[in-house]
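K.L.:
For reference, the structure I am asking about is given below.
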Amino acid sequence: GFWLIDPVGGGAADFRNLGGGKYMVYHVGKAEGMVAWLTSYRREIYRSTMGTINNGKRLIPLRFEEYSVSGERYRKKTTVYDYQAHKVRIELEKVGEPKSREEIEIPLGALYDDPVTVFYNLRFGVYGKVEPGMEFILRTLPSKRPEIIRIKVASREETESRRAAEKIKTGKDLLIQILIDREMWGRKKGELELWFNRDMIPISGVVKDIPFFGNVRGRLAGHGYSPIPLPEEVPNAVGKKSGGPAK
């Protein structure tokens with residue numbers, strides 16, 4: 001929600017094993033209520049296909065699809081990581097415009113993370129133990145300049161102070177600030193704060209300074225470990241549903 005409007009929207013994420021050391025995360029967020037009407041029922045969809053290295057201990061991105069649909073307006077960005085050729089291929093598609101393509105060289109030995117793999121690698125302790133005062137600086141896919149994801153875990157003192165100001169305090173054990181130095185949510189840079197519990201499950205958070213909305217706050221509505229039906233399908237170039245997530 002934002003301002004006095006709640007909810008602005010909702011979303012769901014599904015993490016599934018595709019077999020053969022591959023995994024997929026499918027995340028959909030969509031506007032609801034009055035905001036849905038104002039934004040022509042906007043949907044933001046991410047689908048990340050990932051592989052593993054280090055004997056299955058670290059996720060690496062293989063294919064990252066980003067969809068933004070608002071009425072008849074449609075934007076799709078696909079990033080494919082070809083580690084054998086040491087290249088990343090990016091394709092951008094918009095309604096009424098020709099597709100644009102870009103190719104980026106991957107330096108030998110370099111590892112890039114997308115926001116989805118960062119989220120799960122952080123939770124799984126891939127970058128190190130997540131504890132108060134720690135800071136992690138990770139490389140994400142560069143475009144015209146090097147880009148990073150900076151993750152900062154609040155100190156115990158700051159955590160206690162910020163928790164005291166929260167209306168609901170249960171489960172808010174770690175406060176984590178994430179700065180994404182790439183275009184996200186209509187901004188040139190993404191900034192968010194998340195509260196995690198001791199099991200590294202996100203409880204609530206805020207995405208800051210979204211265009212037209214300001215700070216957008218969210219909370220965990222529920223989670224589980226059983227397969228759940230996905231709430232949306234991936235749209236095609238005219239914004240209609242086409243094909244679901246990977247079988």
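The values are calculated or read from the model by the stated rules, or taken from the named source; none is laboratory data. Since the model is a prediction, treat every value here as computed from it, not as a measurement. Quick note on the areas: whole protein, heavy atoms, side chains included, nothing else; ligands and nucleic acids left out. Shrake-Rupley method; radii C 1.70, N 1.55, O 1.52, S 1.80 Å.
K.L.:
In terms of solvent-accessible area of protein heavy atoms at a 1.4 angstrom probe, what is the ranking of K172, K99, K87, highest value first?
P.N.:
K99, K87, K172
K.L.:
Once a ≥ b ≥ c are taken as the square roots of the eigenvalues of the Cα gyration tensor of the stretch 1-74, is the result rounded (a/c under 1.5), prolate (a/b larger than b/c) or oblate (a/b not larger than b/c)?
P.N.:
Prolate shape, in that a/c is at least 1.5 and a/b is the bigger ratio.
K.L.:
A further question on this structure: With θ set to phi - 60°, apply the Karplus curve 6.51 cos²θ - 1.76 cosθ + 1.60 along the stretch 93-109 and write out the HN-Hα couplings as whole Hz, x wherever there is a Gly or Pro.
P.N.:
With the stated coefficients, the stretch 93-109 comes to 10, 9, 4, x, 10, x, 5, 10, 10, 9, 10, 10, 6, 9, x, 4, x Hz.
K.L.:
Which cross-chain or sequence-distant (5 or more) residues have an amide H under 5 Å from the amide H of R139, H modelled 1.01 Å from N in plane?
P.N.:
D113, I149
K.L.:
Another question, then. Would the stretch 1-133 count as rounded, prolate or oblate if I go by the C-alpha gyration tensor, calling it rounded below 1.5 in a/c and otherwise prolate when a/b exceeds b/c, oblate otherwise?
P.N.:
Because a/c hits 1.5 or more and a/b fails to exceed b/c, the stretch 1-133 counts as oblate.
K.L.:
Karplus couplings for the stretch 74-86 from phi (6.51 cos²θ - 1.76 cosθ + 1.60, θ = phi - 60°), rounded to Hz, Gly and Pro as x?
P.N.:
8, 9, 10, 10, 10, 10, 10, 9, 9, 6, 5, 8, 6
K.L.:
Using modelled amide H (1.01 Å from N, peptide plane; none on Pro or chain starts), what sits under 5 Å from the amide H of N215, excluding residues fewer than 5 places away?
P.N.:
Those qualifying (amide H under 5 Å, at least 5 residues apart or on another chain) are D209, I210.
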